[in-house]
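*Asks:* Below are the structure tokens for one structure; questions will follow.
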Amino acid sequence: MPRIERTATLTWEGNLARGTGTVSGDSGAFTELPFSLPSRIERENGKASPEELLAAAHGGCITMSLAGELTQAGLPPTRLDVSCRIVMDEVEGQGHQIVGSQVELRAAAEGLDDDGLQEAVRKADEGCPYSQLLKRAGVDVQVTATLA
């Protein structure tokens, strides 16, 4: 795989408590997504948070990795439904840290059984750069999978 580089640009106006920011991807796939401290610590409608973006990145990465593993096994998926939850918590002496990433997958593929799914998920997790990055940082990464 070739070297991959992607860029996001961000703007922030104001102090931490009352300020707001936007994030845009250079690809144009998303532009000026609003974010703020309230959207980070609460569920503020219509605004993103860094943790939500990390959940999307980890979930997207492991989804693609699983699609590749199933395809290599001769069982290309017809559908993958994935949910990823990033957990940030206070860690004594370290402040707020990302402490968990919980990925739940539901997979549908012609001829796929549970043993085959679990093996593909194990390989997908090992092959997902985001899973590996989070694990090296000491994050508890949990990946569960069921047949659809």
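Here, each number is a calculation from the coordinates, and none is a lab measurement. Bear in mind the structure is a predicted one, so any value in this text is a computation, not a measurement. In this analysis, Cβ positions are derived from the backbone assuming ideal geometry, glycine residues included, and neighbour counts consider all displayed protein chains.
*Asks:* Over the Cα atoms of the stretch 29-76, what Rg and Dmax result, in angstrom?
*Replies:* Here Rg and the maximum Cα pair distance are 15.4, 46 Å.
*Asks:* Please name whichever of P38, A124, S83 sits farthest to the positive end of the charge dipole of the chain, dipole taken about the Cα centre and charges placed at Cβ: Lys and Arg +1, Asp and Glu -1.
*Replies:* In the chain, that residue is P38.
*Asks:* Then there is this: Taking the stretch 26-71, which trypsin sites (Lys or Arg not before Pro) meet the DSSP loop condition and have no more than 12 other C-beta atoms within 10 Å?
*Replies:* Numbers: sites: R40, R43, K47; in loops: R43, K47.
Counting only loop positions with at most 12 other Cβ atoms within 10 Å, the trypsin sites (Lys or Arg not before Pro) in the stretch 26-71 are R43.
*Asks:* Express in nm, to one decimal, how much length is gained between R122 and T9 on full extension, taking 0.36 nm for each residue of separation and deducting their alpha carbon distance. Present the calculation step by step, with values, prior to reporting the outcome.
*Replies:* Values: separation 113, 0.36 × 113 = 40.68 nm, distance 3.37 nm.
Length gained, R122 through T9: 37.3 nm.
*Asks:* Quote the relative contact order of the stretch 41-148 in percent (integer), defining contacts as alpha-carbon pairs under 8 Å separated by 6+ residues. Don't skip to the answer; put the middle values down first.
*Replies:* Details: 166 pairs, mean separation 31.7, N = 108.
Normalised by residue count, the contact order of the stretch 41-148 is 29 percent.
*Asks:* Based on the alpha-carbon gyration tensor of the chain, what equivalent-ellipsoid semi-axes (square roots of 5 times the eigenvalues) come out, in whole Å, largest first? Mind dumping the intermediate values first?
*Replies:* Values: eigenvalues 201, 63, 40 Å².
Listed largest to smallest, the semi-axes of the chain are 32, 18, 14 Å.
*Asks:* Which distance in nm do the two modelled labels at E32 and A148 give, with both placed 7 Å along the Cα-to-Cβ direction?
*Replies:* That separation, rounded to one decimal, is 3.5 nm.
*Asks:* For the ranges 109-119, 52-62, 3-13, what's the packing order if you count other beta-carbon atoms within 10 Å of each residue, average per peptide, and put the highest first?
*Replies:* Per-residue mean Cβ counts within 10 Å order the peptides as 52-62, 109-119, 3-13.
*Asks:* Of the peptides 67-73, 94-100, how do they stack up when ordered by the mean number of other Cβ atoms within 10 Å, highest first? Before the final figure, lay out the partial values.
*Replies:* Numbers: 67-73: 17.0, 94-100: 12.9.
My ranking of the peptides, most packed first, is 67-73, 94-100.
*Asks:* So, one more: Charges only on Cβ, +1 for Lys and Arg, -1 for Asp and Glu: so what's the dipole of the chain about the Cα centre, in debye to the nearest 20?
*Replies:* With Lys and Arg at +1 and Asp and Glu at -1, about 340 debye.
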